[in-house]
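Participant: Starting off with a structure, shown below.
The values are calculated or read from the model by the stated rules, or taken from the named source; none is laboratory data. Just so it is clear, the model here is predicted, and its values are computed rather than measured. FYI the Cβ positions are ideal-geometry reconstructions off the backbone, even for glycines, and counts take in every protein chain you see.
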Amino acid sequence: MSNLSEDMRKYYDQFVDLFKKVQQFDPNYAKAFMEFVKESEKEGALSTKVKELISVALGVAARCHFCIAIHVKNAIEAGATKQEIVEAGFVAALMGGGPTFTYLKYLFDACEQFGAK
């Protein structure tokens, strides 16, 4: 990882730590949130991979480091290629303009760090 790369694993790990804190504070809320996530991301008319690519685009559009890290990692695990992930980011940049375009940097960092092929 170069000096200019953002440590996207840090954001992923920080989200996991946050979720654990929420789980300890209010187990029912955490359970309901995870059930919502699982229901939203399950296979259906759209594959889990496509849903994760949509989440990648939305994470870039929302300019959310945490979302980019989580959903790039999940997209890779669901079988997405670097090309597919980057193209999802390009759609986000199209819709969000220049400020969103700059967040493609974090998308490339996440692809590199999580091993997108």
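Participant: If you take just the helices (runs of 4 or more DSSP H) that sit entirely in region 1-92, which of them hold at least 1 residues that are farther than 18 Å from Phe114 by Cα and more than 15 Å from the chain's Cα centre (by Cα)?
Facilitator: 8-25, 27-41
Participant: Then there is this: Note down all Cβ pairs under 8 Å where the first residue falls in region 62-86 and is crowded, with 16+ Cβ neighbours inside 10 Å and polar (S, T, N, Q), the second is assigned to a helix (DSSP H, G or I) and at pLDDT 95 or above, and they're at least six residues apart or on different chains.
Facilitator: Sorted first by the residue in region 62-86, then by its partner, the pairs are Asn74/Glu52; Asn74/Ser55.
Participant: Please give the number of the condition Ala116 fails out of (1) out of contact with any His (no Cβ under 9 Å at 6 or more places or on another chain); (2) within 18 Å of Arg9 (Cα to Cα); (3) assigned to a helix (DSSP H, G or I).
Facilitator: Unmet for Ala116, out of (1) out of contact with any His (no Cβ under 9 Å at 6 or more places or on another chain); (2) within 18 Å of Arg9 (Cα to Cα); (3) assigned to a helix (DSSP H, G or I): (3).
Participant: Does region 37-58 include one or more residues that are surrounded by 15 or more Cβ atoms within 10 Å (Cβ to Cβ), among the acidic types (Asp, Glu) and modelled with pLDDT under 95?
Facilitator: Checked region 37-58: at least one residue is surrounded by 15 or more Cβ atoms within 10 Å (Cβ to Cβ), among the acidic types (Asp, Glu) and modelled with pLDDT under 95.
Participant: Looking at region 17-36 only, could you name the residues that are closer than 12 Å to Phe66 by Cβ and surrounded by 11 or more Cβ atoms within 10 Å (Cβ to Cβ)?
Facilitator: Leu18, Phe19
Participant: Any residue in region 15-36 that is out of contact with any Leu (no Cβ under 7 Å at 6 or more places or on another chain), touching a residue at least 12 places away in the same chain (Cβ under 8 Å) and closer than 20 Å to Lys82 by Cβ?
Facilitator: No, region 15-36 contains no residue that is out of contact with any Leu (no Cβ under 7 Å at 6 or more places or on another chain), touching a residue at least 12 places away in the same chain (Cβ under 8 Å) and closer than 20 Å to Lys82 by Cβ.
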